[in-house]
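The values are calculated or read from the model by the stated rules, or taken from the named source; none is laboratory data. Quick caveat, the model's predicted, so the values are computed rather than measured. Please note: Cβ atoms are built from the backbone with ideal geometry, for glycine as well, and neighbour counts cover all protein chains shown. Side chains are part of the model used for accessible areas, which takes the heavy atoms of the whole protein and leaves out ligands, DNA and RNA. Shrake-Rupley method; radii C 1.70, N 1.55, O 1.52, S 1.80 Å.
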Amino acid sequence: MAACPSGRAVVTGVVLAGGQGRRMGGIDKGLVELDGRPMIARVLDRFAPQVDEVLINANQNLDRYRAFGFDVVSDAVGGYAGPLAGLHAAMMRATRPLVCTVPCDSPFLPPDLVARLSGALATAGAQLAVARTFDQPHPVFCLVRRDVLPHLEAFLAAGGRKIDAWYATLAVVEVAFDDEAEAFRNINTADELAAAARPPS
């Protein structure tokens, strides 16, 4: 596995912000504010220090996303085809041998996410590592070898869209984050946003 001089794996990080935010009333979730800051800003604060290059996958409000200072890539597959389309777009642009994805609506993501995924990927010799808390995998928190891009392109070209169905065709290692389960909390609705903004009791 390619590594930088410090020994850490060399990774392109991708924040997935390409959805339509249906459960948030059609609002672009990455730009929704949590305690006065867009959610994607909070995601970037935690994620950017873990990777060597950052891309934002977005299909609307592109200028607003570019204002965060990172390259923005849009889906090459039309029709808001989901996280696999975002991963595909990012893998085509990525310049590092590994690509890690996180969603724009998980502002509490673990600060050691990439280190733990990359360590497990190397140890297992897998093609993809995915985070899991207890018995729940989190498919959009994954680290994948960029050289599987042709395989993903073929899956999408055949009409595949379900991320777990694609994973099933790869050598996958699940990585337990039971000690950080709350870090994978995502915000899909206005009620969840309000709950996340309240101070703990």
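Summary of values
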quantity	calculated
Residue within the range 145-165 that is open to solvent by 40 Å² or more (accessible area, probe 1.4 Å), among the acidic types (Asp, Glu) and either in contact with a helix residue (DSSP H, G or I) (Cβ under 9 Å, 6 or more places away or on another chain) or touching a residue at least 60 places away in the same chain (Cβ under 8 Å) (or both) present	yes
Exclusive hit being in a loop (DSSP other than H, G, I, E, B) and either in contact with a Lys or Arg (Cβ under 9 Å, 6 or more places away or on another chain) or closer than 27 Å to Gly78 by Cα (or both), set Asp105, Asp164, Asp147	Asp105
Matching residues in the range 73-129 - criterion: being more than 14 Å from the chain's Cα centre (by Cα), open to solvent by 10 Å² or more (accessible area, probe 1.4 Å) and among the hydrophobic types (A, V, I, L, M, F, W, C)	Ala76, Val77, Ala81, Met92, Ala115, Ala120, Ala122, Ala124
Residue in the range 168-182 that is within 21 Å of Val72 (Cβ to Cβ) and either open to solvent by less than 20 Å² (accessible area, probe 1.4 Å) or polar (S, T, N, Q) (or both) present	no
Whichever residue in the range 157-193 is of a type in the set (Val, Ile, Thr) and over 16 Å from the mean Cα position of the chain (by Cα) and, among such residues, is farthest from Ala124 (Cα to Cα)	Thr189
Test set (1) surrounded by fewer than 15 Cβ atoms within 10 Å (Cβ to Cβ); (2) touching a strand residue (DSSP E or B) at 6+ places or on another chain (Cβ under 8 Å); (3) at pLDDT below 95; (4) among the hydrophobic types (A, V, I, L, M, F, W, C) - Leu62 fails condition number	(3)
Single unsatisfied condition, Thr123 versus (1) polar (S, T, N, Q); (2) without any contact (Cβ under 8 Å) to a residue 60 or more places away in the chain; (3) part of a loop (DSSP other than H, G, I, E, B)	(3)
Pair list, Cβ < 7 Å and 6+ apart or interchain, from the range 66-89 residues that are in contact (Cβ under 8 Å) with a residue 60 or more places away in the chain and closer than 14 Å to Phe155 by Cβ to residues that are open to solvent by 50 Å² or more (accessible area, probe 1.4 Å) and among the basic types (Lys, Arg)	Ala81/Arg161; Gly82/Arg161; Leu84/Arg161
Subset of the range 7-37 [aliphatic (A, V, I, L, M), at pLDDT below 90 and under 26 Å from Asp52 (Cα atoms)]	Ala9
Boolean, Asp135 is at pLDDT 95 or above and under 29 Å from Glu192 (Cα atoms)	yes
